[in-house]
Amino acid sequence: MLKKELRKDIRERKRQFTSQKLSELSLMLINKLLANEKIKKARTILMYYSMPDEVDTHNAVDTLVTMGKKVLLPVVINGEELEIREYKDKNDLREGIAYHIMEPIGKKYEDYKNIDVAVVPGMSFDNNGNRLGRGKGYYDRFLSQIPQAYKIGICFNFQKTDVVPTDETDIKMDEVIC
């Protein structure tokens, strides 16, 4: 299956669930994530502030801050790159231009070598850690700059597929939680 076809298939699967059901499923996945040993040991974690059709991370970012973690969130800049900013609390957020999702306004984070774990959303993942994004390559370009970070993909069970088509620019996850 081609990437474009798989994205379409996953979007159709997502539409079968109410936002209430996705919230319930998210809670279980976030509990798994927060119990993960790599997350517990990490000092600096790159998270994402979820869109409505993704695993809901809104409370998780606050929980991680409460646990004493340095939480970083991406911001889409000039339409094609991710810039990373530190998140302290919800006052650090404003609606972003690219996807109208909440993005941090905190100071730019550039100490990439200190990022211990990256938690990454995706349209689909397979058992080999391959990830299908939304097609713009934001995460793959950024993840290639933090090779030391342990990469955790997170998705709903219905987003998991046997094979995610890949090319040489795609970055594999070390682990997938679903």
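For the range 3-177, DSSP calls about 50 percent of its internal beta bridges antiparallel.
Here is the link list: Lys38/Lys136; Lys8/Lys41; Lys3/Lys70; Lys41/Lys172; Lys3/Lys108. Which ones come out longer than 30 Å on Cα distance? Don't skip to the answer; put the middle values down first.
Details: Lys38/Lys136 28 Å; Lys8/Lys41 37 Å; Lys3/Lys70 34 Å; Lys41/Lys172 21 Å; Lys3/Lys108 32 Å.
From the list (Lys38/Lys136; Lys8/Lys41; Lys3/Lys70; Lys41/Lys172; Lys3/Lys108), the Cα-Cα distance tops 30 Å for Lys8/Lys41; Lys3/Lys70; Lys3/Lys108.
In a DSSP loop and with at most 13 other Cβ atoms within 10 Å, the trypsin sites (Lys or Arg not before Pro) in the range 16-68 are Arg43.
With a Förster radius of 35 Å, plug the Cβ-Cβ distance of Glu86 and Arg134 into 1/(1 + (r/R0)^6) and report the FRET value to the nearest 0.05.
Values: r = 24 Å, r/R0 = 0.69.
So, using R0 = 35 Å, E works out to roughly 0.90.
Could you pull out the chymotrypsin sites (Phe, Trp or Tyr not before Pro) across the range 1-110 that fall in loop regions by DSSP (anything but H, G, I, E, B) with no more than 16 other Cβ atoms inside 10 Å? Passing both the DSSP loop test and the Cβ count: Phe17, Tyr99. Seen from Leu22, the other residues with C-beta closer than 10 Å to its C-beta sum to a net charge of -2, counting Lys and Arg as +1 and Asp and Glu as -1. Close amide H pairs (under 5 Å, H built 1.01 Å from N) link Phe17 with no residue at least 5 positions away or on another chain. Per residue, the convex hull around the alpha carbon atoms of the range 3-177 comes to 112 Å³. Long hydrophobic helices in the chain, taken as whole DSSP H segments with a C-alpha length of 18 Å or more on their own axis and mean Kyte-Doolittle hydropathy at least 0.0: 19-35. Label reach from Leu2 (point 7 Å along Cα→C-beta): in the range 129-147, amide nitrogens under 19 Å belong to 132-137.
Each reported figure results from applying straightforward, stated rules to the coordinates on display, with no laboratory input. Just so it is clear, the structure is predicted and the values come from calculations on it, not from any experiment. Glycine also receives a Cβ, built like all others from the backbone with ideal geometry; neighbour counts cover every protein chain displayed.
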